[in-house]
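Visitor: I'd like to ask some things about the structure below.
The values are calculated or read from the model by the stated rules, or taken from the named source; none is laboratory data. Since the model is a prediction, treat every value here as computed from it, not as a measurement. Counting neighbours? That spans all protein chains shown, and the Cβs are built from the backbone with ideal geometry, glycine included. Only protein heavy atoms, including side chains, enter the accessible area calculation; ligands, DNA and RNA are left aside. Shrake-Rupley method; radii C 1.70, N 1.55, O 1.52, S 1.80 Å.
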Amino acid sequence: MFVRINQDRAANGLGPLQYDEGLAGIARGHALDMRSFRFFDHQSPNTGSLEDRLAAADFPTASARENLAEAFDVNRAQAGLLKSPGHFANLMATDITHVGVGVVRGGAADPRNQLFVQVFARPVPRETDTEAKQRVLERITQSRQQLGRAAPRLEPTLESAAAALLEDLDDEVSQASVRDVSESLLERLGSYPRPLTVIGRRMVASSEYEPERILLDQASVSLGLAAQVKRDEDGGRFLKLLILVSS
């Protein structure tokens, strides 16, 4: 089925996906679950949604999709998926890089069939707070260098303030909490010789970070940068980021 997936993508002018055993394990587990408990659905009474299964496996992704099929063999299963607009869209998606396939003998509807689960994803790295901060700084530096600008300077005063104020950002990094941090920053620093900008971001991982224009347009910038890798209520990883900018 993995071969078929890449053949079908190539026939539509798309590049191949890489095979991932971690995704395959998640797919296989869901196929076994469906067979054992005689259901056919993305939502499991035992393991929840695809996002729940990814979180339980500690498999962080920037995007994820899932296809299910029950058929006698691979070719019939894939043919049926290609005829379905939603499944076809998953097979031809451009926001994914990897796939894992789970296949078990015995269908939920007919024991002569097989159950097929395709899990597509764009994995992101597991990282520590320190690793996330370093990768964000490297991304800012590289983007500035591409524009012929000097590397940003980490300023100790702003670094200390960012580390202290990161916890004041709520986990959703709402505009209200960013405003609160801005007010706290002014109280903390008192008078400061240059204008300050506060940037708060939430994302799945540092690999998804793209620098804001204010970090690129100035001839020189000084930064305070703090990053925290956390888990949401479903167990999924996310990154909370606070950047203090002085130009």
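Visitor: Look at segment 35-67 and say how many of its residues are surrounded by 20 or more Cβ atoms within 10 Å (Cβ to Cβ), within 23 Å of Pro85 (Cα to Cα) and not charged (D, E, K, R).
Guide: Summing the residues that are surrounded by 20 or more Cβ atoms within 10 Å (Cβ to Cβ), within 23 Å of Pro85 (Cα to Cα) and not charged (D, E, K, R) in segment 35-67 gives 3.
Visitor: Now for a different question. State whether one or more residues within segment 122-139 are in contact (Cβ under 8 Å) with a residue 40 or more places away in the chain and more than 26 Å from Lys240 (Cβ to Cβ).
Guide: No, segment 122-139 contains no residue that is in contact (Cβ under 8 Å) with a residue 40 or more places away in the chain and more than 26 Å from Lys240 (Cβ to Cβ).
Visitor: Right, something else. If the Cβ limit is 9 Å and pairs must be 6+ apart or interchain, which residue in segment 228-247 that is closer than 15 Å to Asp52 by Cβ and open to solvent by 30 Å² or more (accessible area, probe 1.4 Å) pairs with which residue that is aliphatic (A, V, I, L, M) and part of a strand (DSSP E or B)?
Guide: Arg237/Val229
Visitor: Of all residues in segment 83-93, how many are surrounded by 13 or more Cβ atoms within 10 Å (Cβ to Cβ), without any contact (Cβ under 8 Å) to a residue 12 or more places away in the chain and under 21 Å from Arg122 (Cα atoms)?
Guide: Adding up the residues that qualify gives 1.
Visitor: Can you go through Ala62, Ala56, Ala71 and tell me which one is in contact with a Gly (Cβ under 8 Å, 6 or more places away or on another chain) and modelled with pLDDT under 95?
Guide: Ala56
Visitor: I'm trying to understand the selection: among the residues of segment 101-113, which are farther than 15 Å from Asp33 by Cβ and either among the β-branched types (Val, Ile, Thr) or not in a loop (DSSP other than H, G, I, E, B) (or both)?
Guide: Selection gives Val101 alone.
Visitor: Name the single residue, out of those in segment 121-149 being at pLDDT 95 or above and aliphatic (A, V, I, L, M), that is most open to solvent (accessible area, probe 1.4 Å).
Guide: Leu147
Visitor: Those residues that are outside any helix (DSSP H, G or I) and surrounded by 15 or more Cβ atoms within 10 Å (Cβ to Cβ), I need them from segment 1-18; list them, please. It would help to see each step written out before you state the result.
Guide: Here is the first cut: in segment 1-18, the ones outside any helix (DSSP H, G or I) are 1, 12-18.
Listed by number, the residues that qualify are Met1, Leu17.
Visitor: Within segment 169-183, does at least one residue satisfy the condition of being surrounded by fewer than 14 Cβ atoms within 10 Å (Cβ to Cβ), under 15 Å from Gly224 (Cα atoms) and not charged (D, E, K, R)?
Guide: Of all residues in segment 169-183, those surrounded by fewer than 14 Cβ atoms within 10 Å (Cβ to Cβ) come to 172, 174-176, 179, 183.
Checking the rest, the ones that are also under 15 Å from Gly224 (Cα atoms) come to none.
Looking through segment 169-183, none of the residues is surrounded by fewer than 14 Cβ atoms within 10 Å (Cβ to Cβ), under 15 Å from Gly224 (Cα atoms) and not charged (D, E, K, R).
Visitor: Across segment 94-120, what is the total count of residues that are open to solvent by 30 Å² or more (accessible area, probe 1.4 Å) and over 24 Å from Gly13 (Cα atoms)?
Guide: Keep residues of segment 94-120 that are open to solvent by 30 Å² or more (accessible area, probe 1.4 Å), which gives 94-95, 97-98, 103, 105, 109-114.
So of that shortlist, the ones also over 24 Å from Gly13 (Cα atoms) come out as 103, 105, 109-114.
Total meeting the criteria: 8.
Visitor: Something else about it: Suppose we filter Gly80, Gly100 for residues that are in contact with a strand residue (DSSP E or B) (Cβ under 7 Å, 6 or more places away or on another chain), more than 30 Å from Leu216 (Cα to Cα) and without any contact (Cβ under 8 Å) to a residue 24 or more places away in the chain; which single one remains?
Guide: Just a single option satisfies the conditions, and that option is Gly80.
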